[in-house]
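Enquirer: Provided herewith is a single structure, encoded as structure tokens, for subsequent inquiry.
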Amino acid sequence: MADESCVVVGAGGISRAWFPPLKAEGVKVAAVVDLNIDAAKERITNYDLDAEPSDDLDATLRKHRPDFVADLTTPEAHAEVTCAALEAGCHVIGEKPMAADTDQALRMVQTAERTGRMYMVSQSRRWEPHHEAVRRAVADRLCGRLTTVNCDFYIGAHFGGFRSEMQSPLVLDMAIHHFDLARMFSGADPLAVYAHEFNPAGSWYRGDAAASCIFEMTDGIVFTYRGSWCAEGFQTSWNGDWDLVCDAGGLRLRQDQPPAACRISGDEGFIRPREDVPVPTVEMEHTTMHGALGEILAFLRDGTTPQTECRDNIKSLAMVFGAMRSSREKRRVEIAELLG
């Protein structure tokens, strides 16, 4: 069980996914902070926590001096909350996306570096066994060298609420998961993007609920993304359906089923013969948010750097804002434009 203590900031809906793993790991939740103190009190009651409700972050951090802060606020509040916690000497694990824009994200990275504190982002889909299996298969060149990554995401999501009014609901609110997975699977970083966002006929969103994006990545890899949040036909997984093309075969991930792989088995014929190859399975003790929590705890205990520490994760965020800029300015955007 953990000896660490934390302060949770944000008592909204996403916090329901965090309190169970915090309790399961034995982390001492010293306080729950929310601008709506009644919401903080409700979470404390719901999860039977010996914690203080608060609406004053600075005072709470001074009083409790936790080992880390869990930033579960809205993206618009992430920079203020995370920087305050880092300045107070706390490490931080925060919900995705890192920030509401890349200027805020750069400030967060700079604050983490200046204070010498760890700030990691919870990209929950990294902690899924099938996804890790794909990453390892690519790294081990099970099907040869990776050349191309394709992701399709088609869901007819009738959320209502704020997403219906957003300018870029798909790319800004959802595609960060898929863009980050593309980086995880490939081990490559984004160099440039050309994107087109649009709102299909019949859409119930005010903004652009669909997009097609082409990313140029390091190692000569090309990542193509096609997605829609107003697709009433055949649905993909929420994690997306993936094809990874390698120079001696390929990998496929469909509907959250175990990944499949094939490899060429001969050197003759118009179409070379192929054979199925098994993808080694991966066992994970904890997935999604619990997996992310495990990485910040590992850092606190033995200094292991989390895979989504802020200097790395800002590259996934830059893919989001690069795609949005490309679409609005109708041009190819280099990622370096956003990261300085």
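The values are calculated or read from the model by the stated rules, or taken from the named source; none is laboratory data. Bear in mind the structure is a predicted one, so any value in this text is a computation, not a measurement. Here the Cβ is made from the backbone with ideal geometry for all residues, glycine too, and neighbour counts use every protein chain on show.
Enquirer: Which residue, of Arg136, Arg117, Arg145, Arg141, is in contact with a helix residue (DSSP H, G or I) (Cβ under 7 Å, 6 or more places away or on another chain), more than 19 Å from Ser15 (Cβ to Cβ) and basic (Lys, Arg)?
Expert: From the options Arg136, Arg117, Arg145, Arg141, the qualifying one is Arg117.
Enquirer: Here are the criteria: (1) under 19 Å from the mean Cα position of the chain (by Cα); (2) more than 27 Å from Ser122 (Cα to Cα); (3) among the hydroxyl-bearing types (Ser, Thr, Tyr). Tell me which single one Ser265 does not satisfy.
Expert: (1)
Enquirer: Count, please, the residues in the stretch 83-105 that happen to be under 17 Å from the mean Cα position of the chain (by Cα) and either in contact (Cβ under 8 Å) with a residue 40 or more places away in the chain or surrounded by 21 or more Cβ atoms within 10 Å (Cβ to Cβ) (or both).
Expert: Residues in the stretch 83-105 being under 17 Å from the mean Cα position of the chain (by Cα) and either in contact (Cβ under 8 Å) with a residue 40 or more places away in the chain or surrounded by 21 or more Cβ atoms within 10 Å (Cβ to Cβ) (or both): 11 in total.
Yes/no per residue for (1) assigned to a loop (DSSP other than H, G, I, E, B); (2) of a type in the set (A, V, I, L, M); (3) at pLDDT 95 or above:
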position: Cys6; (1), (2), (3): no, no, yes
position: Arg16; (1), (2), (3): no, no, yes
position: Val29; (1), (2), (3): no, yes, yes
position: Leu35; (1), (2), (3): yes, yes, yes
position: Asp38; (1), (2), (3): no, no, yes
position: Lys41; (1), (2), (3): no, no, yes
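Enquirer: Quick check on this structure: which one of Asp276, Asp312, Asp256 is under 18 Å from the mean Cα position of the chain (by Cα), of a type outside the set (Val, Ile, Thr) and in the same structural domain as Val245 (by TED's automatic domain parsing)? Working first, answer last.
Expert: Values: Asp276 fails: under 18 Å from the mean Cα position of the chain (by Cα); Asp312 fails: in the same structural domain as Val245 (by TED's automatic domain parsing).
Just one listed residue meets the conditions, Asp256.
Here is a yes/no grid of residues against (1) assigned to a strand (DSSP E or B); (2) more than 30 Å from Thr74 (Cβ to Cβ); (3) outside the structural domain of Ser326 (by TED's automatic domain parsing); (4) modelled with pLDDT of 95 or more:
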position	(1), (2), (3), (4)
His158	no, no, no, yes
Ser164	no, no, no, no
His178	no, no, no, yes
His196	yes, no, no, yes
Ser212	yes, no, no, yes
Phe215	yes, no, no, yes
Tyr225	yes, no, no, yes
Asn239	no, no, no, yes
Asp243	yes, yes, no, yes
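Enquirer: Have a look at Arg311, Arg331, Arg325 and point out the one that is assigned to a loop (DSSP other than H, G, I, E, B) and either modelled with pLDDT of 95 or more or surrounded by fewer than 17 Cβ atoms within 10 Å (Cβ to Cβ) (or both).
Expert: Every option except Arg331 fails the conditions.
Enquirer: Taking the stretch 67-82 only, how many residues are within 22 Å of the chain's Cα centre (by Cα), surrounded by fewer than 22 Cβ atoms within 10 Å (Cβ to Cβ) and part of a loop (DSSP other than H, G, I, E, B)?
Expert: So the answer is 1.
Enquirer: Something else about it: So, in the stretch 169-188, of the ones that are surrounded by fewer than 24 Cβ atoms within 10 Å (Cβ to Cβ) and of a type in the set (A, V, I, L, M), which residue ends up farthest from His131 (Cα to Cα)?
Expert: Leu172
Enquirer: Please work out if Glu283 is among the acidic types (Asp, Glu) and surrounded by 13 or more Cβ atoms within 10 Å (Cβ to Cβ).
Expert: no
Enquirer: Restricting attention to the stretch 189-213, and to residues there that are buried (at least 17 other Cβ atoms within 10 Å of the Cβ) and without any contact (Cβ under 8 Å) to a residue 40 or more places away in the chain, which single residue is farthest from Ser316 (Cα to Cα)?
Expert: Ser203
Enquirer: Which of the residues belonging to the stretch 43-66 are in contact with a helix residue (DSSP H, G or I) (Cβ under 8 Å, 6 or more places away or on another chain), within 16 Å of Lys23 (Cα to Cα) and crowded, with 19+ Cβ neighbours inside 10 Å?
Expert: Arg43, Leu49, Ala51
Enquirer: Can you work out which of the residues in the stretch 107-124 that are in contact with a Gly (Cβ under 9 Å, 6 or more places away or on another chain) and part of a helix (DSSP H, G or I) is surrounded by the most Cβ atoms within 10 Å (Cβ to Cβ)?
Expert: Looking at the filtered set, the residue picked out is Met108.
Enquirer: Out of all the residues in the stretch 251-289, which are among the hydrophobic types (A, V, I, L, M, F, W, C), part of a loop (DSSP other than H, G, I, E, B) and either on the phi > 0 side of the Ramachandran plot or without any contact (Cβ under 8 Å) to a residue 40 or more places away in the chain (or both)?
Expert: Scanning the stretch 251-289 gives Phe270, Ile271.
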